[in-house]
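Heads up: the structure comes next, in structure tokens.
The values are calculated or read from the model by the stated rules, or taken from the named source; none is laboratory data. Everything quoted here is computed from the prediction, not taken from an experiment. Note that each Cβ is placed from the backbone with ideal geometry, even for glycine, and that neighbours are counted across all protein chains shown.
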Amino acid sequence: MNVEMTSDGPYGSLEAKGKIRRTTKSRTVTIYYNYKILPVDFLVVDPERVRKYCIGCPAYGKKWSCPPDCNIIPGGYKRIFLFWLWIDAKDFGGVKNKEYIKVRAMNAILVSLSNQIGRVMTIMLVGHLLASGSCKVCKTCSYPEKCHLPDRFYQSLESTGIDLVRTMRKLNFDLCWYGKRKKEQNYTHGTVIGGVLTNLDEGSEYFDKLIKSFDIKPKEKSLDAWA
Ligand code: SF4
């Protein structure tokens, strides 16, 4: 199924398999999604290049899920169920002031949804979750002491060394980056990517049902807080 946010313009193909709506206190946003079951070697892995972007982040060297001490991509899995969710920046047209507020708002909605879906898909696919963002299971990470909850620990795709820009380009989907110093922002869509490493060759039907179960649920933080 194709839905209307489809473009082959300068930001690559935004072809979606489907969409859901999420209602916040102040607005309704449309979340588009797509996914693919891919062999693990489809992923572009370049830890040296990718992990250097983590230097300077407040979580760098402070969490088990973050470089320099986090795991590289775990072995023993043949496939990855890769899924990506995005919001058209136009849905935040009324948000006042800085572009960065829109980026944060989109990110807050998408990360929460992506990680909830990722956790359930990981159980379904008897897999290993590669989520979005650093592990936030505990209020304070035990690093450098032993991880408190290794069964619930997760890390991001990027922290394993996966180059998401190049991987997503292979799927004809360009990521949109927010640049603080750019005078004119051209932030057309906000995207969050999740993945489950697995040995199964399935998950599409379950994913479709699962994401639909998140349609219109007013749980997210009000965007008023960001505006
Ligand atoms: S589960 Fe807790 S201790 Fe382990 S990496 Fe996550 S936040 Fe840190």
Exercise for the section: From the list S134, S156, pick out the single residue that is within 16 Å of the ligand (Cβ to nearest atom), more than 22 Å from R79 (Cα to Cα), touching a residue at least 12 places away in the same chain (Cβ under 8 Å) and small (G, A, S). Expected result: S134
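Let's see how each residue does on (1) over 17 Å from the mean Cα position of the chain (by Cα); (2) more than 20 Å from D208 (Cβ to Cβ):
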{"position": "I87", "(1), (2)": "no, no"}
{"position": "D91", "(1), (2)": "yes, yes"}
{"position": "K102", "(1), (2)": "no, yes"}
{"position": "A105", "(1), (2)": "no, yes"}
{"position": "L110", "(1), (2)": "no, no"}
{"position": "L113", "(1), (2)": "no, no"}
{"position": "Q116", "(1), (2)": "no, no"}
{"position": "M121", "(1), (2)": "no, no"}
{"position": "H128", "(1), (2)": "no, yes"}
Practice task
Would you confirm whether any residue within segment 142-150 is within 16 Å of the ligand (Cβ to nearest atom) and in contact with a helix residue (DSSP H, G or I) (Cβ under 7 Å, 6 or more places away or on another chain)?
Solution key: no
Exercise for the section: Tell me, yes or no, whether segment 31-40 has at least one residue that is at pLDDT 90 or above and assigned to a helix (DSSP H, G or I). Expected result: yes
Practice task
Could you please tell me which pairs satisfy a Cβ distance under 6 Å, a separation of 6+ or placement on different chains, a first residue in segment 3-25 that is more than 23 Å from Y206 (Cβ to Cβ), and a second residue that is of a type in the set (A, V, I, L, M) and at pLDDT below 65?
Solution key: L14/M5; T24/L223
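Given the criteria in contact with a strand residue (DSSP E or B) (Cβ under 9 Å, 6 or more places away or on another chain) and within 16 Å of the ligand (Cβ to nearest atom), does N115 qualify? Before the answer, list the steps.
Details: in contact with a strand residue (DSSP E or B) (Cβ under 9 Å, 6 or more places away or on another chain): yes; within 16 Å of the ligand (Cβ to nearest atom): yes.
It is true that N115 is in contact with a strand residue (DSSP E or B) (Cβ under 9 Å, 6 or more places away or on another chain) and within 16 Å of the ligand (Cβ to nearest atom).
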Practice task
Could you tell me whether V126 is β-branched (V, I, T), in a loop (DSSP other than H, G, I, E, B) and either within 16 Å of the ligand (Cβ to nearest atom) or within 26 Å of C176 (Cα to Cα) (or both)?
Solution key: no
